[in-house]
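Shown next, in structure tokens, is the structure this report addresses.
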Amino acid sequence: MSSNNNFSSFDENESKFMRKAKESPFVPIGMAGCAAVVAFGLWRLKSRGNTKMSVHLIHMRVGAQGFIVGAMTLGGNMYHTRLIVLSLHTNIK
């Protein structure tokens, strides 16, 4: 393999998840938020009252998806901003 490979800076023993987390930090944040929303929904399941189970599950799904979309939007915006800054920095030199 060539030395200019994108993955040359990563340790061979490093997990794929940790490598991806360094490349895009909002992915693990989105995953953790999704898990938190699901955990909260399961905790609230015992006190849902007269709400149907299907309605409760739909609300959980919408909350989890909303957190994931928010994390993806913030991550994409951060990545786009980084590209703009890098392109401006290379044009200055």
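Tabulated data for the structure shown
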quantity: Cβ-Cβ under 6 Å pairs, at least 6 apart or on other chains, segment 66-78 side under 18 Å from Gly41 (Cα atoms), far side surrounded by 14 or more Cβ atoms within 10 Å (Cβ to Cβ) and among the aromatic types (Phe, Trp, Tyr); calculated: none
quantity: Hey, Arg61 at pLDDT below 85, surrounded by 10 or more Cβ atoms within 10 Å (Cβ to Cβ) and within 24 Å of the chain's Cα centre (by Cα) or not; calculated: no
quantity: Single match in Phe17, Phe40, Phe67 (criterion: at pLDDT 80 or above, within 18 Å of the chain's Cα centre (by Cα) and either part of a helix (DSSP H, G or I) or surrounded by 14 or more Cβ atoms within 10 Å (Cβ to Cβ) (or both)); calculated: Phe67
quantity: Residue match in segment 23-30 (condition: at pLDDT below 80 and of a type in the set (Val, Ile, Thr)); calculated: yes
quantity: Neighbours by Cβ (under 7 Å, 6+ apart or cross-chain): first from segment 24-52, under 27 Å from His80 (Cα atoms); second at pLDDT below 85 and basic (Lys, Arg); calculated: Val27/Lys20
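The values are calculated or read from the model by the stated rules, or taken from the named source; none is laboratory data. Note that the structure is a prediction, hence the values are computed from the model and not measured. With ideal geometry, Cβ positions are generated from the backbone for all residues, glycine too; neighbour counts draw on all protein chains shown.
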